[in-house]
Structures are given as C-alpha cells and as structure tokens.
1. Any cysteines in the protein assembly as shown with zero other Cys Cβ atoms under 4.7 Å from their Cβ? List them, or say none.
2. Give the relative contact order (percent, whole number) for segment A:121-229; include only Cα pairs under 8 Å separated by 6+ residues.
3. Cross-link partners among lysines for B:Lys99, C-alpha distance below 16 Å, same-chain residues fewer than 8 apart left out?
4. Please get the size of the charge dipole for chain A, origin at its Cα centre, with Cβ charges of +1 on Lys and Arg and -1 on Asp and Glu, quoted in debye to the nearest 20.
5. What does the charge add up to near B:Ile182, with Lys and Arg as +1, Asp and Glu as -1, over the other residues with Cβ less than 15 Å from its Cβ?
6. Residues in segment A:231-271 near a label at A:Gln41, defined as backbone nitrogen under 13 Å from the 7 Å Cα→Cβ point?
7. GNM, chain A, Cα, under 10 Å: largest mean-square fluctuation among A:Gly148, A:Gly112, A:Gly351?
8. Given points 7 Å out from each Cα along the Cα-Cβ axis, report the B:Trp175 to B:Glu69 separation in nanometres with one decimal.
Amino acid sequence: MFLRKIATVVALTTLASSAWAGCGISEGRVSIVGNEFPAIQTVGAGAMECAGDGVTVETNLTADHQKINVPGMTGNPAEFTAAIVANSSIVGLLNNDVIRPLNDLVEKHGQGLQKSQLVTIDGNIMGIAFMANAQHLTYRSDVLKDLGIPMPTTYEEMLAAGKKIQNYEGLGMPYPLGGAYAAGWNLAEEFVNMYIGHGGEFFKPGSAEIAVNNQHGIDALNMMKALSELMNPDFLTHDSNATSAEWKAGNVALMNMWGSRIGALKGDEVDPVVVAATATGGPMTVGGGTTAASTLWWDGFTIAKNISDADAEASFIALMHAIRPEMLNETTSPQAVWLIDGYEPTPAAAGVFAAAAMGTKPYPMLPYAGLMHSAAGVELVDFMQGKESAEQALAGLEAAYTTAAKEKGYL
Amino acid sequence: MNHKTFFWFFLPTALAMFLFIALPLTSIVSQSLHTPHDAVLVVVESCDPFGCKSETTIDHESTQKLKEEAPKGKWVGFEIYTDRNHLAFKEVGELWENKTNFTDFVSSLNNLPFYKAMGFTIVYVIVVTPLVILFGLIIALAVNSLHRHLKGLMVFFSLLPMIVTPLVGSLILFWMIDSRGIIGSGLQDLFADPDLSLKASTGLTWITLIVYGVWHSAPFAFIVFYAGLQTVPQETIEAAMIDGASRLQQIYHVVVPHLSPLVAFVALIQLMDNFRVFEPIVGFSASAHATSLSWIIWNDIGQEIRLMSSAATTSVLTIIGVVILLMPVLVRTWREFNPEK
C-alpha cells in the first residue's frame, strides 16, 4: 500500500515535471527565425526556456532573417515553425501564403493578450504583435547645451545644429550627424521616412503604380544628401549596428535611430560621459510639414502554415511564454516599447511614444511595398554619391520597381 | 578500356552530373522563361496595434486556383531577359539614339543594373586574373628556392589567405580598412589626409576589392605552380646555367615554358571564379560602388519579396558569360588534345 502510494506520487511528479518542463508544452518542435536586435534576443531566450523533455526549441536570430524566413517556411514540413516579423516583413510571408491564421490558438492560449496586439487581415489573426518601434531623434544633451543649441524638432534644425557642431573646433567632431544610410534596406528606409515627411504618397491611389518621381521625392533626396555631408564619409556602409557603434564611440552628436536600439547605447562598455548625455526626442518633421518623417512599426510573431498542429501549438505557447507579463524586468523593459500588459514605459521609450503621439504613419503593409523598398536601396546610391541627379535616381527607382512589379504580376 | 567497362566506370559521374548540373540548369532556364501569375488583389479590413484600415492584400484562394491550373507560372519567353533590370534592350537602344558621344553612352549604361555589374566584373576579371598568376609564380619561385627546412612552414603560411573563408576574410579586412581601423587610419597618417576613406569612393573601393581578390586567390596559383616546379627537369636548368643564362633567363626560357599548361589551367579556373565575384562585395558592404551578376542574384532572392524569375535569368546570363569568357582557353585546350584537327 505504502509502496504503491510512493509509486503513484513518483509517477505523478514525473508526469508533471515532464509536462511542465518548459511552459506547459509536453511535446513539439519549436524553431524561431527573426531579427537580432536586443528585444528580439530577449523574446528568443524566453522561448528557449520552454525546451525540455520532448520539446525542442531553436532560434535563428539574424539581421538576414527576411532572406531565410520565406524559404524556411515554404517546405512541408516547414523548417521554421515561427517567424518574428515586423509590419514590412509579414507581407513577404502573407504574399507566399506560408503562415496560418491563429484564431483558434488565441482563443485557447491567448488569454493575456490585448486586442491591439492582434494583427488581423480580413478577420483572420495572422500575427501577435509584442512591441512597437519607430525611428526618432537621439542627441547628445551635453554637446547641444555647450553650444547653446535647442533640441532640433525638424530636419532643417538638425542640419543647422550639425553644421554648428562641425564648425566648433574645440569639440573635434568633424562628422556630427549619424544615420543608418547603408546601401540597401537601410538607405531605402531613410528615403521612405523622408518622403512621407514631405507629404508624399508612394503609389497612385488604389493601384500598384509607383509615383515617387515628383517634387516630394526630389526634396526628400536633397535633404538626405545634405545630411550625409555631415556624416562619416563611409555612411553608405553604415547600418544600424555601425551607426550605434559610432554613437557609442562618442563620434556623433545627433542621429535618427530606432527606439529599440536606444537601450543598447547605454551599455557598460560605453564611455559614462556619452551614456549620461544620450537623450531622445520625437521624430523630426521636414520641409515645413506636420507629418513626422518616420514610420511606426510593430514587431510580432507568426506561426508557419506547413507544420503539424501540435508543433504550431507548441510554438505559439513558447512564444506566449516569452512575452508573458512576468518577463518584464529592469533589463528587458528598456529594450523596447512592449505592447505587453503591465509594461511601464522607461526613458528609452520616450521617442517611440512621441512618434505615436505625433500620429506618425505606420509603414505601408502593401503586397508590393517591399519591391519599392528594395529598388530604392539599389537605385538611390548613385545620387547619394553625387553621380546622378535626384530626378535621374527617382526615374531609375520607378523603372526598376515597375520592371520587378510586372514580373511579380502586380502591374 | 572497352566500352562496357567505360560505361560502368563513368556511370556514377554521369549520374551525379545529371542530378546536380543538368537538372538544376533545366530548372533555372525554365524558371527564367516564366513569371508568377498576375496577383489577385483584394482590399480587406486589416488591423494592427496602430488601428484598423482598408488594406490591399493578396487573395490566396484565387491565386491558388491560378497556380493549380498552371503550376509553372505565366509563360513570358525572353521578356525578362530583355527587361530593364537585365539586358535592357529598349533602354540601351534609347541611350544609343540619344547619345552625344561614345563615352557618354558608356557612362550612361552605368544606370542599368546589368551593365553596371558587368562593368565592375570585367575590370575585376581582367586585373585580378593576370595578377594572381604573376604573384602565384613569384611566391612559388621564392618558396622553392628556400632551404628545405623552411619550405613546409612557408607553404603553410602562403596558403592561409585561401584557407580563410572568403566572407570572413573580407569582413576582417573590412574592419581593418575602416577609417577608424588599423589599416585605414594608418593610410590616413601615411598620406596626411584625415578624410581619406577606402570605403567612400568608387575608385578606392574597386582597388580594395581587387587587392583582396589577388590576396585571396594568389595562394591557389602558388600551390599549383609550386607543384609544377618540382617537375622542372634539372638537366635543362643545368644546361642553361652552363650556357651562361642568368636566373631570370632560366626562369623565362626554361621554367615558364615548362609551366605553361599549368598557367592555362590556373587561368581557366580563375577566369571562372573571378567572373562570379561575390563574397567580397558583401563582406566589404561595397554594393554602393561595385556589383556583380552574382550579387544581383543574391539581392533578388534576398529581399522581403523574392524575384525568382529575375534571379534565374541572371543565373543563365552568368553561365553564358562564363562560357564566352572561357571560349579562348577551351578552344586552345581542345586543339592541344586533338592536334590533328
């Protein structure tokens, strides 16, 4: 009798521990692909906690995630069971029909979610957003104070402040502006910001026909060129990581930077003077406009279509575990503007909140927006190097986009 | 070897060639002649953390139907080959019509992605290939004249650039040549120009890529030539010495002619490799200044929206380019092995 009791207790405990080894998943394969910035690393690590008996959790977090997520989710069964995406990169997954509606999983396991976190297309929940992001001004409060410059709220003011800092010899900042202007995705993103700030529309209403070769486009490019003249001459190779490194080294006094990267600018390896003086403002406007020259982003997760329901459920639970309210602490809270219940904004989040308060436009979630973005990343570099005029660059962008859009059947 | 033995001997190779060369090639050619179906777009209500609005999206059910009817996609023939992002017949024609002079025409071709890539690729192939052969030969001769105890060590060190993965090697150099890196700031001191940056100008970026290419590939030429040097007949060398030939004359009249089949071999491999230049462009983040056909393929399939037909077309064009480039060497090799024809 006694022995039997012990056996039952032991059996129950083992059962419980195997079932609760991770986060209530008893079996399944979880494989997550996503970007690599600090907040996503936290989410990835959170999901990894669910690994245990019969549950494998793998993450592949890389800046090249959008190059591998569609191929990795196309096969059957898909290599990646979940992808962490943003409002631009979810489009690639939607276009290729590789992610599944989550309505049933949300009903079953999504009690903690807020309605605003659900990304729905035609009533189908296709993604769960967990953070918001935007690019906004980051400035060195000490430098601005020393030179008596007020915090810029427009790109014109940023330009004037940059020139003043550059000319101030005692400071030794020959390239006071920073910006992720690396040829490719980053440069195109800055163009998107600046073009929206000038009040431009990318496509003719209701069609996939591009319309950027206009005065808004020319003004946007000329402003980018003027800013780049105050940047490190290697700006066409500087992505967000390299721009952050320039900031940490104290080489830059003003830059337009992602909210999700502000926390990392205050790391232990950075000079305390720089850390103490790193301050943020909202997104800037440009050309006398009132629309912020920036875009609002969400980051969230999606679940692959071509996997078993068990794996989908395991992936969903693991990621829900990663974004549970208890994950918020001193380290994780400043990493992003979390859309998670119970999140208290930190100073690092002020810029993104300012962006939202200003009514910054979300990045367009159109099936063909990505084609325009990639074409811009290639076609605008000659202008930035002074090899062609703004009109030529924009005409090149339109031609490259139109060719690609015809190939994909959008035109 | 009778025919039957030859057949069984060759079968595994033929099978592998069919599976890994012929089939993928057929697939690529087929892909380059088709495009995806016209997208069926619908406007639906979509919501995200920033609110709800009407948004255009793809109607998957209708698209799926189209796909099932014609799984390969829409037949377009050579449309992709001639479009603006590839051979751009129409645009080149217009540029030719409107040109003021020939130089103007050539520089305006630079606005078309295919010709821009070809411009760099051809310069890269023409400069890197002979330099690799030259440096390979010099290193081989130098190492070969060392004391035998030192040879092994020197061979190992000379091979290092080739052993390092190209992407890693170029990334290491990328950070070293940064204007705040050791080589970059060294050059700034050397030329007393604090604004000097190898990454900021097209000319200097091309030179950097070419230097990298030579650095990376010279060991390959070296090891081939070094092996060849071990077979140089000593009698001929001694005879040349007795005739009073200097070291240079010995090399020019005895060693180099002896190695000439190897030179053809190295040239063949290097032409092919250099035409497909890719890793350094990515490693050096040099796409603003230099692109290649391989880079275009990578860029087409590495975006949020992948351009498969475009990538397939560029792949076929790359293969055609390699064949054209290798033609002289292939013809020569053919003649050497069939002297009676």
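1. none
2. The normalised contact order for segment A:121-229 reaches 16 percent.
3. Excluding near neighbours in sequence, the set is B:Lys90.
4. 580
5. Values: positive: B:Arg180, B:Lys199; negative: B:Asp178, B:Asp189.
Value of the local net charge: 0.
6. A:241, A:261-269
7. So, out of A:Gly148, A:Gly112, A:Gly351, the one fluctuating most is A:Gly148.
8. 5.5
Any read-out appearing in this document is the output of simple, stated calculations on the displayed coordinates, not a laboratory observation. In this text, all values refer to a predicted model and were calculated from it rather than measured experimentally. All Cβ positions, even for glycine, are placed from backbone atoms using ideal geometry, and neighbour counts span all protein chains on display.
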